[in-house]
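What follows is a structure written as structure tokens; I'll ask about it next.
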Amino acid sequence: RRHLAVAELVRELRLDDVVQIGAPLYGPEKWSALRECGAFVFPARWDAQSVMVLEAAAAGAPLVMTDTTLIGRHMGSYEAALVVEATPAAVASGIRRGLSPDAAKIGTRASHVVRDRFSWPAVAADYARQITALLAESKAK
């Protein structure tokens, strides 16, 4: 039901030519939509690690994210996202910048960050390093 209310708001604001709200997408259809989107906008306030963001980044979508999320700050530190304040005006400005031709570079950087920092091999290696450090620390005590 909530998506119907959002769809109605999009119509009221006359944004239906630039905002799409549809049914859930899965598999190749989802990846195709993420690769083709102009920008992936994530205006969350409290999300630490979003699978949606990682999938959009892996697909190379330019990311527009708020500075209130851990993943937003992380991707921003690699210049792999347009990170904006969590205000309507800042998000709107970020969307405009996210739809610019230069934003494709941000999407490319985002896909590299996901590959280098969030793939299973990268996460497993990081986890192993952390466990090794904790074991070494506990033996030293």
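Mind checking which residues of region 38-59 are farther than 14 Å from LEU82 by Cβ and open to solvent by 40 Å² or more (accessible area, probe 1.4 Å)?
Correct list: ARG45, TRP46, ASP47, ALA48, GLN49, VAL51, MET52, GLU55, ALA58.
Residues in region 18-37 that are assigned to a helix (DSSP H, G or I), within 20 Å of ALA104 (Cα to Cα) and open to solvent by 70 Å² or more (accessible area, probe 1.4 Å): how many?
Matching residues across region 18-37 total 3.
Conditions tested, residue by residue: (1) in contact (Cβ under 8 Å) with a residue 24 or more places away in the chain; (2) in contact with a Phe, Trp or Tyr (Cβ under 7 Å, 6 or more places away or on another chain); (3) under 19 Å from PHE42 (Cα atoms).
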| site | (1), (2), (3) |
| --- | --- |
| THR87 | no, no, yes |
| VAL91 | yes, no, yes |
| GLY98 | yes, no, yes |
| PRO101 | no, no, no |
| LYS105 | no, no, yes |
| ARG109 | yes, yes, yes |
| ARG115 | yes, no, no |
| SER119 | no, no, no |
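Here are some conditions: (1) surrounded by 15 or more Cβ atoms within 10 Å (Cβ to Cβ); (2) farther than 20 Å from GLY38 by Cα; (3) among the hydroxyl-bearing types (Ser, Thr, Tyr). SER93 meets all but one. Which one does it not meet?
Here SER93 clears every test but (2).
Given the conditions (1) assigned to a helix (DSSP H, G or I); (2) open to solvent by 50 Å² or more (accessible area, probe 1.4 Å); (3) closer than 28 Å to PRO28 by Cα, which single one is not true for GLU79?
Just one mismatch for GLU79, condition (1).
The values are calculated or read from the model by the stated rules, or taken from the named source; none is laboratory data. Predicted model only: the values in this text are computed from it and were never measured. Every residue, glycine as well, gets a Cβ built from its backbone with ideal geometry; the counts of neighbours run over all protein chains shown. Heads up: the accessible areas ignore ligands, DNA and RNA and are worked out on the full protein's heavy atoms, side chains in. Shrake-Rupley method; radii C 1.70, N 1.55, O 1.52, S 1.80 Å.
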